[in-house]
Amino acid sequence: MNICRNCNIYVDDDIDVCPLCHSVLDEDMTKEEIETGQMLIHQGSEYPDVRKREKRMNMVMRAILFLFILAEVGLVLINRAVTPHMWWSLISGVAMVYIYFSMIYWIKHDSGFAAKIGIQLVLTMILLVGIDYFTGMTGWSLKFAIPGVILIGDAVVFFLMMLNRQYWYSYSILLLFIGVCSVGILFLYITKRINNWLLPMICVAVTGIYLLGTIIFGDREFTRELKRRFHV
């Protein structure tokens, strides 16, 4: 017997993914969860109302769209003030549109999209650096665009945790990955690969505070998620 922490149902069949949302089932259950699952499976129970989750997901996607619009406005203002000769903010705007519609597709066709969002963030960063390289490598991707993508990633994780508050810790690995990216940008500044210190420091500060709060207030759930993911 396994549990789907996305749908909050117990599955007695010998399968690895949830039959409703296709998330990976969790074998690591507490004693109380095992007893509850055995009782429900013995008595029989109805399927959860997945439409409620869809409504909440639509709401969070609207919030993310609003966030993307604000982020792009901010990037355009920074672009105009710092590098008016190179409109890199238009490229970051296209990247945000790409991320947004990719998220919509994943949410409608599958779950377990936290890992997919992480992959999308990586691909977006690689794309931005590639465009910067083939247009003369002026450094706008490392100085402005990628820190902006990292901050957007922080906001996306926050919305996802608020959307699925009962199992917020399932997004902690994505937050750890974003933290590594933030440290990477700061490392580029320390090694003088980039000369802009403001956005790297903001990335590290925002992600660090967010991650610290997750560790302190999450405690047992956060530790259990690390053990489940990394077997430590």
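In region 78-92, which residues are assigned to a helix (DSSP H, G or I) and within 25 Å of Gln120 (Cα to Cα)? Working first, answer last.
Pass one, region 78-92, residues assigned to a helix (DSSP H, G or I): 78-82, 89-92.
If the condition is that a residue be assigned to a helix (DSSP H, G or I) and within 25 Å of Gln120 (Cα to Cα), then Ile78, Asn79, Ser89, Leu90, Ile91, Ser92 are the ones that fit.
Against the criterion of being more than 30 Å from Asn58 (Cα to Cα), in contact with a Gly (Cβ under 9 Å, 6 or more places away or on another chain) and crowded, with 20+ Cβ neighbours inside 10 Å, Leu175 does not qualify.
Just to be sure before I move on: is Ile146 closer than 20 Å to Leu67 by Cα and in a helix (DSSP H, G or I) in the structure I sent? So Ile146 passes the test. Tell me whether region 158-168 contains one or more residues that are over 19 Å from Leu67 (Cβ atoms) and surrounded by 12 or more Cβ atoms within 10 Å (Cβ to Cβ). Within region 158-168, one or more residues are over 19 Å from Leu67 (Cβ atoms) and surrounded by 12 or more Cβ atoms within 10 Å (Cβ to Cβ). Taken as a whole, region 167-179 holds at least one residue that is assigned to a helix (DSSP H, G or I), over 21 Å from Asn6 (Cα atoms) and among the aliphatic types (A, V, I, L, M).
Here is a yes/no grid of residues against (1) farther than 28 Å from Ile104 by Cα; (2) at pLDDT 85 or above:
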site	(1), (2)
Gly136	yes, no
Leu151	no, yes
Asp154	no, yes
Tyr167	no, no
Leu188	yes, yes
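With the structure loaded, tell me whether Gly93 is under 24 Å from Asn58 (Cα atoms) and assigned by TED's automatic domain parsing to the domain that holds Leu65 or whether it fails that test. Judged against the criteria, Gly93 is a match.
Matching residues to (1) more than 21 Å from Val94 (Cα to Cα); (2) touching a Lys or Arg at 6+ places or on another chain (Cβ under 9 Å):
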site	(1), (2)
Gly136	no, no
Val156	no, no
Leu160	yes, no
Leu174	yes, no
Gly184	yes, no
Asn195	yes, yes
Leu199	no, yes
Ala205	yes, no
Asp219	yes, no
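Under the condition of being touching a Leu at 6+ places or on another chain (Cβ under 6 Å) and within 14 Å of Gln120 (Cβ to Cβ), the residues counted in region 150-162 number 2. Just one of (1) touching a residue at least 12 places away in the same chain (Cβ under 8 Å); (2) in a helix (DSSP H, G or I); (3) surrounded by 15 or more Cβ atoms within 10 Å (Cβ to Cβ) fails for Gly208. It is (3). If I go through region 78-112 residue by residue, how many of them are under 19 Å from Ile64 (Cα atoms) and either surrounded by fewer than 20 Cβ atoms within 10 Å (Cβ to Cβ) or at pLDDT 75 or above (or both)? Total satisfying the criteria: 22.
Out of Val183, Val157, one residue alone is within 14 Å of the chain's Cα centre (by Cα) and part of a helix (DSSP H, G or I). It is Val157.
The values are calculated or read from the model by the stated rules, or taken from the named source; none is laboratory data. Worth saying up front: this structure is predicted, and the values here are computed from it rather than measured. Glycine gets a Cβ as well: all are built from the backbone with ideal geometry, and neighbour counts include every protein chain shown.
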